[in-house]
Amino acid sequence: MGVDVDDKGYMDRFMESYKGTLDVPDQVKIFDTTLRDGEQTPGVSFAPDQKLRVARQLDELRVDVIEAGFPVVSEGEEISVKKVAEEGLDAEICGLARTSVEDIKKVIDCGADSVHIFIATSDLHLEKKLDLTREEALRDAVGAVEWAKDHGILVEFSAEDATRTNLDYLKEVYNAVDEAGADRINIPDTVGVAVPAAIQNLAREVREEVRAPISIHCHDDFGLATSNSVAAVGVGAEQVQVAVNGLGERAGNASLEEVVMALRSLYGIRPKIRTEALAKTSNLLERLTGINVPSNKAIVGDNAFTHEAGIHVHGILESPGTYEVLSPELVGHHRRFALGKHAGKKSVKNQLEEMEVEAADGQVDEVTRRVKELGDKGKKITDADLRAIAESIIETLPQEEEAVQLKEATVATGSTVTPTSSVRLVVEGEEKIGSAIGVGPVDAAINALRSLTGEIAELRLKEYHLDAITGGSDALADVTIKLEDAQNNLYISKGIREDVVLASVEAMVNGINRYFASRETDESG
Ligand code: KIV
Ligand code: ZN
């Protein structure tokens, strides 16, 4: 077995506890249907060159089978399947076909290695969709498989809507196509209605009936596609049909990355997939389809290896196995520590070190305090935010105590109110309060400070510059100011806050402290 992190064998022991109840095959084929069922995702359509690009990436990933498309549906689709088949990839190239000779012939003419023949078998589909009797469908299925085999192509057969098909009839169909020479028997849970126990029961029944290896194709209507696929392998299915990012009709198919990693880490099977290419493959499909995976998507989502709680970060830093059952590198992803209100000093310190920002202990405390404060206000702190906060603190907060401390800043503003601000400072131990009006809230706050700086020092505001650190209305405001003293010395300082007024006040106070610090240096020198 063997999981992919050092967790002192706990997972191996856990696997041992249930593996005896299963019948897991030594190897499982990965049949990728991103270019066929995945393309049935509403709003998704690949041009032939895009299909080729995806096929090359799937081949790099080392999937066993690439279902390149359904050539009979359009000329573009036929061209795409041909292009993929002519590319000389290592993977088996497959094309989808109904039970008609025309469909199968198209797949053969495209140069595909295999044909995936399907016909619906549930009474619902037979009556309402196909207008066929069970006997007619059985006859069509067998006829199609025989015709394809006579024309020298590998055949995979699917009984569409298998999970809602009468079990005896389903077994009869599978038995008949098996005898007709089908090379693989696929069980589609077309509308995603199965639960793992039901899939296992069905897969066992079918396996007993046929000699060909069985395959599973699960849809995610109840969010069970991955579980069901993994469950089927647990009772001997030797192939899974999956799609990158779980793309596919409606809620999609079982996701390739989830199934592959679950088989590897939870059953100890090693499909021949180059797992390090999973994140890259997922990103390519996101770009080409315009469908982004949710951040909390397993394996490839942005948060799949992101740790926020201080307790978790502490654990990860001590030993990654505490909160990671896979190492992010194994799937081409990376570990991240997110900062928010759950952050601890350790996570902040670690993140700063990663960003090569040096901060003294007291400065890390202050950055942590700020991060939590922002987290409490619902703000997510990006790396850019953290760097800016840290730099503003490190630049302006020398390790010794500042001469000027901001105790309070308030502003009142609105369409019928003149913007008014008051600030309370402690300057070298003495409390000072100033207030002023302005043309806007920032102007009022700066004027309130200036009303005090006159008393404290002769400082002029030479420049004021405002930036947003990241996009969005909750971006941190980054204010840079330039102050000038009576001897024309310049003091540049920054303020970073989620509130533009507070960022401006902070930049001013930081500038004043720079002035005090330089005065002390002059006096001591
Ligand atoms: O979901 C389904 O039944 C299918 C078949 C074509 C296998 O995609
Ligand atoms: Zn499907």
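Extension gain for the segment Asp109 to Asp168, taken as residue separation times 0.36 nm less the Cα-Cα distance, is 17.7 nm to one decimal. Computing FRET efficiency as 1/(1 + (r/R0)^6) for Leu466 and Ala47, where r is the C-beta to C-beta distance and R0 is 45 Å, gives about 0.55.
Specify the angular offset, from 0 to 90 degrees and rounded to the nearest 10, of the alpha carbon long axis of helix 167-179 from the longest principal axis of the alpha carbons in the chain. Between the helix axis and the principal axis of the chain, the angle is about 70 degrees.
Using r as the Cβ-Cβ distance of Ser327 and Glu373, and R0 as 45 Å, what FRET efficiency do you calculate, to the nearest 0.05? Spell out each step's value before the answer.
On the way: r = 33 Å, r/R0 = 0.74.
E between Ser327 and Glu373, to the nearest 0.05, is 0.85.
Leaving out ligands and nucleic acids, and using a 1.4 Å probe, what accessible area per residue does the chain come to in Å²? Walk me through the intermediate numbers first.
Numbers: 23160 Å² over 525 residues.
Value returned for the chain: 44 Å² of accessible area per residue.
Using C-alpha pairs under 8 Å with a sequence gap of at least 6, the mean separation divided by the residue count of region 309-403 gives a relative contact order of 28 percent.
To the nearest ten degrees, helix 10-19 and the longest principal axis of the Cα atoms of the chain are 20 degrees apart. What residues of region 316-331 lie in the reach of a label at Arg62, counting those whose backbone N is under 20 Å from a point 7 Å from the Cα along Cα→Cβ? Label zone hits: 326-331. Between Glu205 and Asp485, the distance separating the two model label sites (each 7 Å from Cα on the Cα→Cβ line) works out to 8.8 nm.
In a shell of Cβ-Cβ distance under 12 Å around Asp49, excluding Asp49 itself, what net charge do Lys and Arg (+1) and Asp and Glu (-1) give? Can you show the working numbers first?
Details: positive: Lys51, Arg53, Arg56, Lys83; negative: Glu87.
Once all neighbours under 12 Å are counted, the net charge is +3.
Against the chain, whose longest principal axis is taken from its Cα atoms, helix 345-354 shows a tilt of about 80°.
Using the rule -39500 (n - 2.57) for each DSSP H run of four or more residues, divided by the residues of the chain, the 222 nm mean residue ellipticity is -13000 deg cm²/dmol.
Derived value for the chain: Kirkwood hydrodynamic radius 27.3 Å. Basis is the mean of 1/r over every pair of different alpha-carbon atoms. Between the listed residues Asn350, Ser295, Gly310, the Cα displaced farthest toward the positive end of the dipole of region 271-375, a dipole computed from Cβ unit charges relative to the Cα centre, is found at Ser295. The largest accessible area among Tyr18, Tyr10, Tyr169 belongs to the first residue in Tyr10, Tyr18, Tyr169, and the rest follow in falling order (1.4 Å probe, all chains).
Determine the relative contact order of the chain: mean sequence separation of Cα pairs under 8 Å and six or more apart, normalised by residue count, in whole percent. Please list the in-between numbers first.
Numbers: 1083 pairs, mean separation 52.8, N = 525.
Over the chain, the number comes to 10 percent.
Gain on full extension, evaluated as 0.36 nm per residue between Glu179 and Arg335 minus their Cα-Cα distance, stands at 51.1 nm.
What FRET efficiency comes out for Lys272 versus Thr133 if R0 is 45 angstrom and r is the Cβ-Cβ distance? Round to the nearest 0.05.
After rounding, the FRET efficiency stands at 0.60.
Over region 14-289, what percent of the accessible surface lies on carbon and sulfur atoms, probe 1.4 Å? Of all accessible area on region 14-289, carbon and sulfur atoms account for 47 percent.
How much of the accessible area of region 399-524, in percent, comes from carbon and sulfur atoms when a 1.4 Å probe is used? Provide the component values of the computation, followed by the final result.
Numbers: 3020 of 6530 Å².
That fraction is 46 percent.
What number comes out for the charge environment of Lys106, summing +1 per Lys or Arg and -1 per Asp or Glu over other residues with Cβ under 12 Å away? Computed value for this residue: -3. Measuring only protein heavy atoms, the 1.4 Å probe finds His465 accessible over about 100 Å².
The values are calculated or read from the model by the stated rules, or taken from the named source; none is laboratory data. Quantities reported herein were computed from a predicted structural model and do not represent experimental measurements. In this analysis, Cβ positions are derived from the backbone assuming ideal geometry, glycine residues included, and neighbour counts consider all displayed protein chains. These area figures cover heavy atoms from the full protein model, side chains too; ligands, DNA and RNA do not enter into them. Shrake-Rupley method; radii C 1.70, N 1.55, O 1.52, S 1.80 Å.
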